[in-house]
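The values are calculated or read from the model by the stated rules, or taken from the named source; none is laboratory data. No experiment lies behind these values; they were computed from the predicted model shown. Neighbour counts are summed over all protein chains in view; Cβ atoms, including those assigned to glycine, are modelled from backbone coordinates with ideal geometry.
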Amino acid sequence: MKNIASIFFIVLVMQSCSPQNKNTDQLKSHNETVINSLTEKLDSIQKNGQINGFAVAMVDQNGVLYEKGFGLANLETKEKYTENTIQHIASVSKTLIGIALLKAKELSKLNLDDPIQTFLPFSVINPNYPNERITIRQLATHTSGINDTEQYMDRAWILSKDQDLTKVSTAYPAQRLNPPELDIPLEKYLKGYLEIDGDYFQEDNYINFKAGERYNYSNIGATLCALIIEKATGQAFDSFTEEHILEPLGMNSSAWSLEDVERKKHSRLYRNDNTLLPFYTAITYPDGMLISSSSDMAKYLHELIKGYFGAGTLLSNDSYKEFFKEQLEEQNFESRNAANPYNGDYSPALFIGHSALGYIGHSGGDAGVGTWMYFNKEKKTGRYIVINTDMGNDERAKELEYYAIWDIMNEYFDKLELDKSEPLSINIK
């Protein structure tokens, strides 16, 4: 028995000293050093003081590599911003309209080239081209001819009920934050905006191009697409996306309404002078009001990368190919910026875009919010950043901090050495 025990002990020692285990230990040690360095650099950016709080996530095709929050979610209470802090994510929300659209197509509820009028109880006709039909695909590629005007910027956003407005700023230069009594149903608002005799109609609600001719980014068009998904499926858009996107991915902290999330986990939002903004929502909520955490968005971005490379779970491979397919040509644009690596407007797919330099994703900005979500289709790596401080027109802050955060994450993908034999998932709490 003693000899058997001795042999067993020797085998254990040999295994623990094997090259494979040694390499694994070295890899873990290396990654811990890299992650600590990354955390230190990101923390130093936050301490510069231009951004009150933010969170980041880094993923690849295997899973989450890094996720962490920095700074404060609440300046008054000193509550920390973490990877589990929630806030709305602005126009990155539109990518969920694209996924939902393809899911509705898979369920045989619609086709991308169906005329939108097939599904709508009110008339949507560009008065400049009354005989031209608008299709669902044109909504999804921002070529419908529908235009965002002051009837959008001045009416879409609504202050949340039951909050003390004496300590916050409701005056915002880009978006008017309206009192709760001006809230109306999404369908009623779109009817008033898009019908020629509607309450909010004005001539420039449509551009002077035929549907399909000119790329013109439109929040109203995106929201109209969400309404069409509702009409085609017989299910409210928020409920449909919860069933087919949020729940399957385990995005348990995410929802479209403040009433459906834990308010205590929600970051406060700030203007770039640290003025506190009130909680707000939007009549056109599908175009930018998904409330989520960096941790949840890491799951979503991971799914998008998998979908692009044929291993997604939300949609079939054919649907993902359609989702990511570049839809437009040079003649569809007035001009394009090929220099910006994260310009998703350069070559749109379906509510997501390709930059000229190999990145796919979307960005967003609202009062007190900035978001970027892009992945590198060559390296199969993706990044997400969300901030709770409006950058306004402060280009210095953008250059020194917002973009610096993004560039540092990009730098550290190359420094993280991954064990290709098994997925690596490192979460920093």
Outside any loop (DSSP other than H, G, I, E, B) and either within 30 Å of SER335 (Cβ to Cβ) or at pLDDT 95 or above (or both): is that true of GLY212 in this structure? no
The one condition in (1) in a strand (DSSP E or B); (2) among the small types (Gly, Ala, Ser); (3) more than 17 Å from the chain's Cα centre (by Cα) that GLY312 fails to fulfil: (1)
Can you spot a residue in segment 316-338 that is closer than 28 Å to ASP390 by Cα and in contact with a strand residue (DSSP E or B) (Cβ under 6 Å, 6 or more places away or on another chain)? no
Enumerated strands (runs of 3 or more DSSP E) restricted to segment 23-110, each holding at least 3 residues that are within 25 Å of LYS377 (Cβ to Cβ) and touching a residue at least 24 places away in the same chain (Cβ under 8 Å): 53-60, 63-74
Condition check: in contact with a His (Cβ under 6 Å, 6 or more places away or on another chain) and among the small types (Gly, Ala, Ser). Does SER169 satisfy that? no
Looking at ASP273 and the list (1) among the acidic types (Asp, Glu); (2) crowded, with 22+ Cβ neighbours inside 10 Å; (3) over 19 Å from GLU242 (Cα atoms), which single condition is not satisfied? (2)
Determine which member of the set THR149, THR95, THR85 is farther than 19 Å from GLY370 by Cα and β-branched (Val, Ile, Thr). THR149
Do we find a residue being surrounded by fewer than 19 Cβ atoms within 10 Å (Cβ to Cβ), among the hydroxyl-bearing types (Ser, Thr, Tyr) and within 27 Å of GLY312 (Cα to Cα) anywhere in segment 234-253? yes
Selection from segment 371-415 of residues modelled with pLDDT of 90 or more, assigned to a helix (DSSP H, G or I) and touching a Gly at 6+ places or on another chain (Cβ under 9 Å) yields none
Does segment 327-370 hold any residues that are in a loop (DSSP other than H, G, I, E, B), within 15 Å of ASN216 (Cβ to Cβ) and polar (S, T, N, Q), and which are they? GLN327, SER335
Counting only residues that are over 21 Å from the mean Cα position of the chain (by Cα) and of a type in the set (Gly, Ala, Ser), how many does segment 189-238 have? 6
